[in-house]
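Heads up, the thing below is written out as structure tokens.
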Amino acid sequence: MLHIVDDEEVIRDSLAWLAQSRGLNARSYPGGQEFLDVIKDLDVSGDCVLLDVRMPGMNGIAVFDQLIGRGLLPRLPVIFLTGHGEVPMAVDSLKRGAFDFFEKPFNDNVLMDRVEEALAASRKAATSAAVQARLATLSTREREVLDLILAGMMNKVVADKLGISMRTVEVHRAHIFDKMQVKTAVELAGLLK
């Protein structure tokens, strides 16, 4: 989902139309607070924000600060839009994690290409976060077994190396596969690469 936050209705409509022309779902918001009120209840994995810098009420930088404070970056990449060439602000925003910064008027195709890249980055970040959350559920011993499995060792070698029975390795292996939501060591290695 592409979230478009801009106080100008014509800009919101134009960006939504551009997104739809690329097969992307878009949702528009007339201001920063309206956007923040809605996304607090959403899973933003796979989403991106086009955020106007200058808006009445809460400006784009304040919204960006809120997103950072909520820990939503990089799962929710932010592409800033501005009608004013503010280079220091752009540099600062990019250093703090903004995905990109476009000055109005912008090239429609270049902007939408970056939106698609941001959406892909969001999906990747969400997947990575999910894998990390699954890894966090493993016990210390399961992590040791996991590392040896990933090194290509067979159950008997893992058992000898850790000084445990082969049956215990099999149990740990089953728990690891279950917690990591995989069926094979190859799938596990692919998930963690």
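The values are calculated or read from the model by the stated rules, or taken from the named source; none is laboratory data. Being a predicted model, the structure only gives us computed values, none of them experimental. Note: ideal-geometry Cβ built from the backbone for every residue, glycine included; neighbour counts use all protein chains shown. Surface areas here come from the heavy atoms of the whole protein model, side chains and all, with no ligands, DNA or RNA. Shrake-Rupley method; radii C 1.70, N 1.55, O 1.52, S 1.80 Å.
Structure notes:
- Residues of region 150-193 satisfying the condition of being in a helix (DSSP H, G or I) and basic (Lys, Arg): LYS156, LYS161, ARG167, ARG173, LYS179
- Filter result for the condition that a residue is touching a residue at least 24 places away in the same chain (Cβ under 8 Å) and over 20 Å from ALA118 (Cα atoms), over ARG27, ARG54, ARG22: ARG54
- Residue match in region 135-146 (condition: more than 30 Å from PRO77 (Cβ to Cβ), of a type in the set (A, V, I, L, M) and surrounded by 13 or more Cβ atoms within 10 Å (Cβ to Cβ)): yes
- Candidate set: region 163-193, residues that are over 22 Å from the mean Cα position of the chain (by Cα) and polar (S, T, N, Q); chosen: the one surrounded by the most Cβ atoms within 10 Å (Cβ to Cβ): THR168
Residue-by-condition table, conditions (1) among the polar types (S, T, N, Q); (2) modelled with pLDDT of 90 or more; (3) farther than 30 Å from VAL171 by Cα:
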| site | (1), (2), (3) |
| --- | --- |
| ASP47 | no, yes, yes |
| ARG54 | no, yes, yes |
| PHE64 | no, yes, yes |
| LEU67 | no, yes, yes |
| LYS95 | no, yes, yes |
| PHE99 | no, yes, yes |
| GLN132 | yes, no, no |
| LEU138 | no, yes, no |
| GLU142 | no, yes, no |
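- Among the candidates MET180, MET153, MET112, residue that is under 30 Å from ASP6 (Cα atoms) and not acidic (Asp, Glu): MET112
- In a residue-by-residue description of region 7-28, the property of being of a type in the set (Asp, Glu), within 21 Å of HIS84 (Cβ to Cβ) and part of a loop (DSSP other than H, G, I, E, B) applies to at least one position.
- Hits in region 134-186 (condition: out of contact with any His (no Cβ under 7 Å at 6 or more places or on another chain) and among the acidic types (Asp, Glu)): GLU144, ASP147, ASP160, GLU170, ASP178
- Scan region 73-126 for residues that are without any contact (Cβ under 8 Å) to a residue 60 or more places away in the chain, under 14 Å from the mean Cα position of the chain (by Cα) and open to solvent by 80 Å² or more (accessible area, probe 1.4 Å) and the total you get is 3.
- Among the numbered conditions (1) on the phi < 0 side of the Ramachandran plot; (2) open to solvent by 70 Å² or more (accessible area, probe 1.4 Å); (3) at pLDDT below 95, the only one that ASP13 does not meet is (3).
- Checking GLU142, GLU117, GLU86 one by one, the residue that is of a type in the set (Asp, Glu) and under 18 Å from HIS3 (Cβ atoms) is GLU117 and no other.
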